[in-house]
Amino acid sequence: MSSVINIKSGEIHQGGVPVLQDINIDITSEEFVYLIGKTGMGKSSLLKMLYGELGLSKGDGEVAGFNLNTLKRKDIPKLRRTIGIVFQDFQLLTDRSILKNLLFVMGASGWKNKKLMEVRAKEVLQLVGVENKINAMPFALSGGEQQRVSIARALLNKPKLILADEPTGNLDPETSEEIMRLLVAVAKEEKTAILMATHDMTMVEKYPGRILRVANKTVTQLNA
């Protein structure tokens with residue numbers, strides 16, 4: 001299995017101050033890995049570094065085949081095309097239908113053929129179980145359905161890696177379980193690695209995976 005994330009002796013600084021130090025992470029394709037830690041400890045900073053929002057201040061890093069040490073600003077969109085990102089607050093465009101949300105993202109990431117775009121949009125919506133909502137507006141969907149759509153959006157470009165930032169944070173316990181089952185199934189079906197930041201330990205216990213903890217300005221592995 002090849003590495004989709006490999007960070008050695010990494011450091012992340014914000015405003016010249018180290019947020020995280022001595023980061024050593026290796027995640028291979030098709031792995032499901034949790035990132036746990038209290039709010040404000042640096043989980044989001046780590047994810048932002050992985051998708052190019054924050055720089056790697058020290059050490060060596062590679063994500064989905066991109067070298068973070070030599071990553072230029074103009075190459076960040078290319079990096080993000082190989083990664084799917086699922087946010088806590090869904091981040092759907094509220095002024096257009098679900099299909100048009102997906103087509104917008106595809107157009108922005110370099111897709112040109114309208115017919116192929118529509119086929120792929122329908123495929124991913126079917127995969128997450130909301131194909132019947134294709135023409136609905138985001139506000140007409142429940143929180144769980146909106147999160148399913150955001151997972152579908154993350155899958156559009158067949159990513160090697162999905163970064164999920166508290167994807168169940170705004171959902172009730174039952175819907176959270178549905179989303180967790182979906183993420184686990186998607187990782188297997190699409191052969192995608194998932195790194196999921198969460199503080200919901202009940203999910204971690206129910207759906208075991210490797211655990212990385214962010215605390216004391218570093219990242220440590222909790223289980224083998």
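Just checking, does the stretch 2-24 include any residue being free of Cβ contacts under 8 Å to residues at least 40 places away in the same chain, of a type in the set (D, E, K, R) and surrounded by fewer than 17 Cβ atoms within 10 Å (Cβ to Cβ)?
Of the stretch 2-24, the ones free of Cβ contacts under 8 Å to residues at least 40 places away in the same chain are 2, 15-17.
Add one more test, that the residue is of a type in the set (D, E, K, R), and what stays is none.
Within the stretch 2-24 (the criterion being free of Cβ contacts under 8 Å to residues at least 40 places away in the same chain, of a type in the set (D, E, K, R) and surrounded by fewer than 17 Cβ atoms within 10 Å (Cβ to Cβ)), the answer is no, since none of the residues qualifies.
Of the numbered conditions (1) more than 22 Å from residue 48 (Cβ to Cβ); (2) within 18 Å of the chain's Cα centre (by Cα); (3) surrounded by fewer than 21 Cβ atoms within 10 Å (Cβ to Cβ), residue 149 fails exactly one; give the number of that condition.
Of (1) more than 22 Å from residue 48 (Cβ to Cβ); (2) within 18 Å of the chain's Cα centre (by Cα); (3) surrounded by fewer than 21 Cβ atoms within 10 Å (Cβ to Cβ), only one is false for residue 149: (3).
Scan the stretch 17-31 residue by residue and report those that are touching a Ser or Thr at 6+ places or on another chain (Cβ under 9 Å) and over 22 Å from residue 193 (Cα atoms).
First, the residues of the stretch 17-31 that are touching a Ser or Thr at 6+ places or on another chain (Cβ under 9 Å): 18-24, 26-30.
Listed by number, the residues that qualify are 18, 19, 20, 21, 22.
Can you pull out the helices (runs of 4 or more DSSP H) entirely within the stretch 122-224 that have at least 1 residues that are in contact (Cβ under 8 Å) with a residue 12 or more places away in the chain, among the hydrophobic types (A, V, I, L, M, F, W, C) and over 15 Å from residue 37 (Cβ atoms)? Walk me through how you get there before you give the answer.
Values: elements: 143-155, 173-189, 201-206.
It comes to 143-155, 173-189.
How about the stretch 49-71: which of its residues are under 24 Å from residue 199 (Cβ atoms) and touching a strand residue (DSSP E or B) at 6+ places or on another chain (Cβ under 8 Å)?
At the first step, the residues of the stretch 49-71 found to be under 24 Å from residue 199 (Cβ atoms) are 49-51, 53-54, 63.
Correct list: 49, 50, 51, 54, 63.
Give the stretch 93-110 a look and list any residue that's modelled with pLDDT of 90 or more and under 17 Å from residue 157 (Cα atoms), or say none. Steps first, please.
Taking the stretch 93-110 and keeping what is modelled with pLDDT of 90 or more, we get 93-107.
Residues satisfying the conditions are 98, 99, 100, 101, 102, 103, 104, 105, 106, 107.
I need the full set of residues from the stretch 94-110 which are more than 16 Å from residue 151 (Cβ to Cβ) and touching a residue at least 40 places away in the same chain (Cβ under 8 Å), in order please.
Within the stretch 94-110, 94, 96, 97, 109 meet the criteria.
Would you tally the residues in the stretch 172-224 being of a type in the set (Lys, Arg) and under 17 Å from residue 148 (Cα atoms)?
2
Could you list all residues from the stretch 187-211 that are over 18 Å from residue 85 (Cβ atoms) and surrounded by 14 or more Cβ atoms within 10 Å (Cβ to Cβ)?
Within the stretch 187-211, 199, 200, 203, 204, 207, 209, 210, 211 qualify.
If you check residue 33 against the conditions, is it of a type in the set (Val, Ile, Thr), over 13 Å from the mean Cα position of the chain (by Cα), modelled with pLDDT of 90 or more and under 30 Å from residue 202 (Cα atoms)?
Values: of a type in the set (Val, Ile, Thr): yes; over 13 Å from the mean Cα position of the chain (by Cα): no; modelled with pLDDT of 90 or more: yes; under 30 Å from residue 202 (Cα atoms): yes.
Judged against the criteria, residue 33 is not a match.
The values are calculated or read from the model by the stated rules, or taken from the named source; none is laboratory data. Not measured: the values here are computed from a predicted model. A quick note on method: Cβ atoms are made from the backbone with ideal geometry, for glycine too, and the neighbour counts reach across all protein chains shown.
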